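Trainee: Okay, handing you the structure first.
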Amino acid sequence: MNRHDDLGTNRWRRFDDWDERPLRLDNFARDDPANGFSAMKGAKDPKPSVAVEGGRITAMDGTPQADFDMIDLFIARYHLDPEMVGEAMAMPSAEVARMLVDMNVPRERLVKLAHGMTPAKLAEVVAHLNAMEIAFAYAKMRARATPGNQAHVTNAKDDPLQLAADAAVAVAFGFDEIETTMRVSRNSWSNALACCIGSSVGRAGTLFQCSSEEAEELQIGMAGFTSYAETVSVYGTEKSFIDGDDTPWSKAFLAAAYASRGIKMRCTSGAAAELLMGFHEAKSLLYLEARCLCMQRAMGVQGTQNGGIDGAPLASAIPGGVRELMAENLIAVWLDLECASGNDARSSESEIRIGAKILPFLIAGSDLICSGFGSILKYDNSFNPSSFNGEELEDYLVLQRDFEADGGLTPRSEDELLAIRKQAVDAIAAVFEELDLGSPDADMKGSVVVASGSDDTRSYLPGDVSKISAAISGRAITVLDVIRALHKRGFVEEAENLLFLVKLRLSGDYLQTSAVIRDGKVISAINDPNRYDGPGSGYRLSEARRAEICAIRGELDQREVLRAEATFEKAESGRIAYRNMGPAQRGSDAHEIVVGLSPAFGTQLFRTLAGHSLADVLRALGDGIVEEGGSVRFVRFLHTADTSFLGLSAAGLAGSGVGIGLQAKGTAVIHHRDRLPHNNLELFSNAPITTLDHYRGFGRNAVRYAKGLDVEPVVVPTRGEALGARFHARVALIYAIETGLTRDGAAPEDVAVEFIRGKGRAGA
Amino acid sequence: MSRKLDIADYPLAQTQPGEVKGARGLSLDDITLDAVIAGKVEMDDLRITADALNAQAEIAEAAGRAALAGNFRRGAELSRVPQTVIMQTYELLRPGRAKDRQTLLDAAERLRRDHGAERMAAFVEEAAEVYERRGLFTFRY
């Protein structure tokens with residue numbers, strides 16, 4: 001049923017439209033602090049307080065030592081610096097909040113103060129800041145100057161060939177870290193080996209992790225396949241921590257174990273985890289997260305994956321939840337932790353909400369802007385879809401260019417990426433053969449090289465992979481075996497790159513805060529510290545980096561436009577011939593319509609923005625004029641390229657007083673000689689959606705105006721296309737070609753137009 | 001590495017590549033692709049040493065990160081501890097795995113006695129005290 005037929009409904013139909021928007025798939029929850037649904041004001045959030053006796057913390061945030069739970073105990077012992085507590089806790093929270101956004105207060109001073117602040121105090125301070133202030137403070141407080149990013153590399157089949165190809169692509173785009181996980185947990189060894197090989201293609205130093213069960217993850221690291229770990233989760237209430245099957249002591253032990261193996265490590269925590277696990281204690285997301293972050297600093301880990309990780313969708317459902325996610329990230333960097341700042345699990349079906357969420361981090365920069373940017377398609381993401389995925393990767397590249405902001409990625413060409421995928425697939429196939437893990441055939445390999453996602457591949461299935469994984473683990477294959485296999489089969493650069501990566505763990509340089517590898521060197525908060533003290537300071541794009549970011553696919557310039565037109569010129573010369581007939585005079589036929597052509601019309605430009613040949617447009621206009629009993633004359637104007645003045649000038653020459661102005665891009669106007677320049681009779685301003693029938697109707701209407709008849713204006717229906725976005729870069733380039741041909745005072749010339757196929761001559 | 005290290009010594013792989021050595025004594029300069037191909041490099045050569053971790057601890061302290069330095073020093077102790085002992089101890093520290101305080105105290109004592117891991121032992125003893133106080137020696141599965 002047509003919507004217009006159903007007038008009985010008692011509902012404004014806009015709500016039907018709104019119901020159809022992806023946004024309406026999102027859940028929204030009311031503030032309900034007693035049940036844990038509160039971003040920053042929990043029903044049982046304590047007031048900040050502390051008591052110190054003999055250098056020991058004897059009460060914290062309203063709880064006396066005797067009632068400390070294990071989280072309180074850990075924070076009191078290892079986070080709070082008794083020497084800083086007195087000064088830091090005495091400062092009014094609003095004053096500290098102002099210091100966070102004061103470019104004249106050095107980061108070091110604020111970091112020291114944070115060491116003397118309890119979780120409730122940290123939460124209270126950042127709650128004073130609005131979203132913009134949080135983003136600004138984040139830019140100032142984050143630890144490493146150069147921003148970076150992290151990719152997810154997974155697929156729905158755990159196919160090692162595809163993992164290798166996609167890991168290589170992620171490396172090419174510039175991700176500093178890549179993270180994999182499995183559909184089937186026992187495939188972890190195969191996933192690790194595959195991504196490890198893929199990440200060695202093209203560049204050395206991309207850190208890699210395989211998210212799996214804690215004990216196994218450490219073993220995979222010991223075999224040399226992975227170089228960092230981040231799924232060491234902590235929680236803000238004791239009961240959720242225990243349900244997570246750990247304690248602050250067990251996790252701190254694990255942190256030391258990773259360090260002892262030279263493997264980079266960060267913890268994970270994020271808003272709403274406790275709410276999802278059912279042990280929120282009626283406390284706010286922010287307060288619980290402040291506890292998590294103090295605990296992480298206390299454990300001595302260098303960094304955190306933080307900002308509502310698996311809980312991000314739930315946090316985003318709560319009023320102020322997205323601001324809270326930003327606030328918890330701010331506490332992380334204020335505590336001097338590396339921050340892989342969430343922007344990970346997709347928190348909304350609305351692309352607008354996603355785009356809005358990423359912006360503060362893109363312009364503020366972050367150690368790892370996404371703690372998992374889905375470099376693969378959504379359905380291939382075994383962590384669940386990310387905020388940004390393979391589908392939206394180019395959107396992100398353009399956001400970097402729009403804001404001249406370094407989001408850690410670099411555009412790559414089709415040729416480069418195809419070559420890289422082929423190299424990665426060949427490399428892993430060679431290793432499989434050398435290590436007797438399999439022998440993928442040409443069809444398997446070929447399908448993976450060109451596949452956008454696993455739906456397109458004819459390669460390994462999860463069951464095949466389990467056998468490969470068991471063989472890697474069972475035969476104790478290590479990264480050294482892989483290096484030797486690569487070398488033997490001629491993949492020398494890849495072998496060198498892998499060796500470089502495992503040698504990093506000897507010095508332990510990349511165990512320091514916020515370490516990543518750029519150009520074969522470790523950069524971290526030690527040798528690339530973020531020092532922001534106002535405009536001109538902090539991280540700035542170099543000219544070279546700016547050029548990289550800006551070079552996205554499909555950029556236009558005038559040369560490009562002229563080249564495209566030149567390819568059209570030949571076909572057009574088979575359709576139409578223009579002949580100059582000398583200076584144009586005013587006509588005397590009362591039914592004569594003059595069509596005024598722009599300077600480049602048919603000389604340098606040959607088709608409209610809708611793609612119509614200019615010959616077809618002139619024929620349609622002419623046909624319309626003749627059908628309605630008029631006659632047509634074509635005149636070229638060189639004194640102007642403006643539609644209104646083309647139309648008015650044409651009207652001035654027409655015997656009827658009615659003229660049509662027509663630009664090569666297809667914009668057209670009907671004018672009368674007695675009207676003001678911008679007060680025309682009809683205008684086709686949306687050239688890209690104007691059809692030949694519209695031009696024909698335009699011709700007919702011109703004659704009806706001349707005859708003084710009733711006229712139904714030709715309306716070009718738009719469906720709301722963003723025509724400016726789609727065409728204005730080309731329009732500006734095309735129009736510059738038109739205006740470049742104008743000459744002041746140039747006289748109009750009659751033009752004889754011959755339609756070469758069709759019905760012969762028209763015009764003077 | 002006898003003198004106290006500072007942030008200017010960072011990164012160690014660049015400032016003193018000859019000093020950075022694996023667990024069997026090969027230096028960064030020794031571990032080349034040729035050496036790997038010739039079978040002269042083992043996984044143990046790619047293991048960080050207590051010296052390197054203690055050096056990073058000094059750098060972290062110089063950068064004002066005492067907590068991070070503490071983790072590196074605990075890591076330095078564990079660098080000498082076999083993987084199986086590490087995994088057993090970690091497992092015991094998870095909630096409900098140790099059924100009583102003494103089990104954890106014994107694990108701590110093994111770290112101290114067999115591996116000289118004094119800080120880590122004290123840390124596990126502290127956990128034993130906290131777990132008892134918070135009732136974590138309970139049945140979980």
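Trainee: So how tilted is helix A:723-740 from the main axis of chain A? Cα-based, degrees 0 to 90, rounded to 10.
Mentor: 50
Trainee: Each label point is 7 Å from the Cα along the Cα-to-Cβ direction; what then is the distance between the points at residue A:725 and residue A:65, in nm?
Mentor: 6.1
Trainee: Could you work out how far apart the two model spin labels at residue B:139 and residue A:566 are, taking each label as a point 7 Å from the Cα in the direction of the beta carbon, and quote it in nm?
Mentor: In this crude label model, residue B:139 to residue A:566 measures out at 8.5 nm.
Trainee: Across segment A:253-265, in residue order, what do the Karplus-derived ³J(HN,Hα) couplings come to in whole Hz, using 6.51 cos²θ - 1.76 cosθ + 1.60 with θ = phi - 60° and x for Gly and Pro?
Mentor: 4, 4, 4, 5, 5, 4, 4, 5, 9, x, 10, 4, 8
Trainee: Could I ask something else about it? Just in segment A:494-567: which trypsin sites (Lys or Arg not before Pro) are loop by DSSP and have at most 16 other Cβ atoms within 10 Å?
Mentor: Those satisfying the criteria are A:531, A:540, A:553.
Trainee: In addition: Using a Förster distance of 22 Å, how high is the FRET efficiency between residue A:691 and residue A:395, based on the Cβ-Cβ distance and rounded to 0.05? Don't skip to the answer; put the middle values down first.
Mentor: Working: r = 31 Å, r/R0 = 1.40.
The formula returns an efficiency of 0.10 here.
Trainee: Here's a follow-up. Fewest Cβ neighbours within 10 Å first, please rank B:37, A:660, A:318 accordingly.
Mentor: Result, fewest neighbours first: B:37, A:318, A:660.
Trainee: Hey, another quick one. To test your reading of the geometry: what angle, between 0 and 90 degrees and rounded to tens, separates the Cα axis of helix A:393-403 from the longest principal axis of chain A?
Mentor: In chain A, helix A:393-403 runs at an angle near 80 degrees to the longest axis.
Trainee: Please report, in debye to the nearest 20, how large the charge dipole of chain B is about its Cα centre when each Lys and Arg carries +1 at its beta carbon and each Asp and Glu carries -1 there.
Mentor: Around 620 debye, computed over chain B.
Trainee: To the nearest whole number, what is the average tally of beta carbon atoms from other chains within 10 Å of the beta carbons of peptide A:66-78? List each step's numbers first, then the result.
Mentor: Working: counts 1, 0, 3, 3, 7, 1, 0, 5, 3, 0, 0, 2, 4.
Whole-number average of other-chain Cβ neighbours for A:66-78 is 2.
Trainee: Provide the percentage of antiparallel DSSP beta bridges, counting only those with both residues in chain A; round to the nearest 5. Walk me through the numbers before you get to the answer.
Mentor: Numbers: 33 of 64 bridges.
Once the DSSP bridges in chain A are tallied, antiparallel ones form about 50 percent.
Trainee: Quick check: Cα centre of segment A:286-337 to Cα centre of segment A:148-208, how many Å?
Mentor: Here the answer is 26 Å between Cα centres.
Trainee: Here is a follow-up. Just tell me the longest site-free run in chain A, where the sites are chymotrypsin sites (Phe, Trp or Tyr not before Pro) in a DSSP loop having at most 12 other beta-carbon atoms within 10 Å.
Mentor: In chain A, the maximal stretch lacking such sites is A:29-764.
Trainee: Let me ask something else about it. Lys/Arg Cβ at +1, Asp/Glu Cβ at -1, dipole of segment A:558-762 taken about the Cα centre: which of A:634, A:601, A:679 is farthest positive-ward?
Mentor: After comparing all options, I get A:601.
Trainee: Can you sort A:179, A:712 so the residue with the fewest Cβ neighbours within 10 Å comes first?
Mentor: Neighbour counts put them in this order, fewest first: A:712, A:179.
Trainee: What FRET efficiency comes out for the pair residue B:129/residue A:542, r = Cβ-Cβ distance, R0 = 51 Å, nearest 0.05?
Mentor: 0.45
Trainee: Alpha carbon centre of segment A:254-275 versus segment B:70-110: separation in Å?
Mentor: If you average the Cα positions of each part, the centres end up 17 Å apart.
Trainee: Next question. Rounding to the nearest 20 debye, state how big the charge dipole of segment A:44-141 is about its Cα centre with +1 on each Lys and Arg Cβ and -1 on each Asp and Glu Cβ.
Mentor: I would put it at about 220 debye.
Trainee: OK, next. Report the net charge of residues surrounding residue A:100, where surrounding means a beta-carbon distance below 11 angstrom and charges are Lys +1, Arg +1, Asp -1, Glu -1.
Mentor: Summing Lys and Arg as +1 and Asp and Glu as -1 gives +1.
Trainee: Hey, another quick one. Whole-Hz Karplus ³J(HN,Hα) for segment A:472-481, in order, using 6.51 cos²θ - 1.76 cosθ + 1.60 and θ = phi - 60°, x for Gly and Pro?
Mentor: 3J(HN,Hα) across segment A:472-481, in whole Hz: 4, 5, x, 8, 6, 5, 10, 4, 5, 4.
Trainee: How many Cβ atoms of partner chains, on average, are near each residue of A:241-253 if near means within 10 Å of its Cβ? It would help to have the intermediate numbers written out before the result.
Mentor: On the way: counts 1, 8, 2, 2, 6, 4, 8, 3, 12, 11, 3, 7, 12.
What the average comes to for A:241-253 is 6.
Trainee: Given charges of +1 on the Cβ of Lys and Arg and -1 on the Cβ of Asp and Glu, with all other atoms neutral, how large is the dipole of chain A about its Cα centre, in debye to the nearest 20?
Mentor: 1740
Trainee: In addition: If you average the C-alpha positions of segment A:473-511 and of segment A:440-460 separately, how far apart do those two centres end up, in angstrom?
Mentor: 26
Trainee: Find which of A:80, A:59, A:46 sits farthest along the positive direction of the dipole of segment A:1-110, computed with +1 on the beta-carbon of Lys and Arg, -1 on that of Asp and Glu, about the Cα centre.
Mentor: Among A:80, A:59, A:46, the one farthest towards the positive end of the dipole of segment A:1-110 is A:46.
Trainee: Just to verify a number: FRET efficiency for residue A:27 and residue A:736, C-beta to C-beta distance, R0 = 51 Å, to 0.05?
Mentor: Once rounded, the FRET efficiency stands at 0.55.
Trainee: I've got another one for you. When you look at the Cβ of every residue in B:90-102, what mean number of other chain Cβ atoms sits within 10 Å?
Mentor: 4
Trainee: A follow-up question, please. Give me the Å³ per residue figure for the convex hull around the C-alpha atoms of segment B:82-141. Walk me through the intermediate numbers first.
Mentor: On the way: hull volume 3.7 nm³, N = 60.
Here the figure is 62 Å³ per residue.
Trainee: Using the charge dipole of segment A:235-303 (Lys, Arg: +1 at Cβ; Asp, Glu: -1 at Cβ; taken about the Cα centre), state which of A:293, A:263, A:279 has its Cα farthest towards the positive end.
Mentor: The listed residue farthest towards the positive side: A:263.
Trainee: Moving on to the next point. Please arrange A:260, A:387 by how many other C-beta atoms lie within 10 Å of their C-beta, fewest to most.
Mentor: Fewest-to-most Cβ neighbours within 10 Å comes out as A:387, A:260.
Trainee: For the residue pair residue A:56 and residue A:87, what label-to-label distance in nm results when each label sits 7 Å from Cα along the Cα-to-beta-carbon direction?
Mentor: Distance between label points: 2.6 nm.
Trainee: Still on this structure, I have one more. In whole Hz, with x marking every Gly and Pro, tabulate ³J(HN,Hα) for segment A:689-694 from phi via Karplus 6.51 cos²θ - 1.76 cosθ + 1.60, θ = phi - 60°.
Mentor: My calculation for segment A:689-694 gives 10, 8, 9, 5, 4, 4 Hz in order.
Laboratory data are not the source of any read-out in this text; all were calculated from the coordinates shown. Just so we're clear, the structure is a prediction, and the values are computed from it rather than from any experiment. Cβ: placed from backbone, ideal geometry, glycine included. Neighbour counts: every protein chain shown.
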